[in-house]
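The values are calculated or read from the model by the stated rules, or taken from the named source; none is laboratory data. Worth saying up front: this structure is predicted, and the values here are computed from it rather than measured. So basically every Cβ, Gly included, is an ideal-geometry build from the backbone, and we count neighbours across all protein chains shown.
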Amino acid sequence: MAYVTFGSEFETGDFIADLLAHGKKLVLPRVERGSRVLTLHEVQDPRLQLEAGVWGIPQPRADLCPVVPASQLEFVLVPGVAFTARCERLGYGGGFYDRFIRGLASRPALVAAAYSVQVVPALPISESDRRVDLVITENAVYSRESSIVNGKP
């Protein structure tokens, strides 16, 4: 599972193109604003199968992209505004990904790609916030298990 870049988030276009070029299944989230949940959909051609969703974020067209159960996920690329070296995450405030992660029956690898300027010493974290397993920047890889795996703090 990945996401389509929005605003100043880490650019996912090359990652998505590489997944599809290697025959991998691309799953993207669709925000269901009324129920405040993410539904998952398989996308084979982002140019033709995406539409502007909530806040203008590109998301799968429900009429063109089949639903994928979360139990099929092995990897989730998680977006965020900011992260810590302890893999804490600050989203946009809607709680969509935190609720999604809490609801997973089995936990796939949760990885965030970010720019190093997005890694900060501390974030306002609540009980409902969920950490990712890895935060990867252009300078370092931060692990939930230890502060840093590779790179400089």
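No other residue among GLN49, GLN44, GLN72 is surrounded by 16 or more Cβ atoms within 10 Å (Cβ to Cβ) and polar (S, T, N, Q) apart from GLN49. Only one entry of PRO66, PRO58, PRO108, PRO46 meets the criterion of being touching a Phe, Trp or Tyr at 6+ places or on another chain (Cβ under 6 Å) and within 25 Å of GLY23 (Cβ to Cβ), and that entry is PRO108. Evaluation of GLY56 against the conditions (1) within 16 Å of the chain's Cα centre (by Cα); (2) on the phi > 0 side of the Ramachandran plot; (3) modelled with pLDDT under 95 shows that the sole unmet condition is (1).
Return the only residue of LEU48, LEU38, LEU19 being touching a Pro at 6+ places or on another chain (Cβ under 9 Å) and of a type outside the set (Asp, Glu).
On the way: LEU48 fails: touching a Pro at 6+ places or on another chain (Cβ under 9 Å); LEU19 fails: touching a Pro at 6+ places or on another chain (Cβ under 9 Å).
Within the list LEU48, LEU38, LEU19, the selection yields LEU38.
Figure legend. Inter-residue proximity from segment 98-117: first residues within 13 Å of ASP129 (Cα to Cα), second residues among the acidic types (Asp, Glu), beta-carbon distance below 7 Å, spacing 6+ or different chains. Indicated pairs: ASP98/ASP129.
Looking across segment 56-67, the residues that are surrounded by fewer than 19 Cβ atoms within 10 Å (Cβ to Cβ), out of contact with any helix residue (DSSP H, G or I) (no Cβ under 9 Å at 6 or more places or on another chain) and not in a strand (DSSP E or B) come down to GLY56, ALA62, ASP63, PRO66. Which residues, taken from segment 54-113, are aromatic (Phe, Trp, Tyr) and farther than 18 Å from ARG36 by Cβ? Result: PHE75, PHE83.
When PHE10, PHE15, PHE6 are checked against the criterion of being within 16 Å of the chain's Cα centre (by Cα), in a helix (DSSP H, G or I) and surrounded by 12 or more Cβ atoms within 10 Å (Cβ to Cβ), a single residue qualifies: PHE15.
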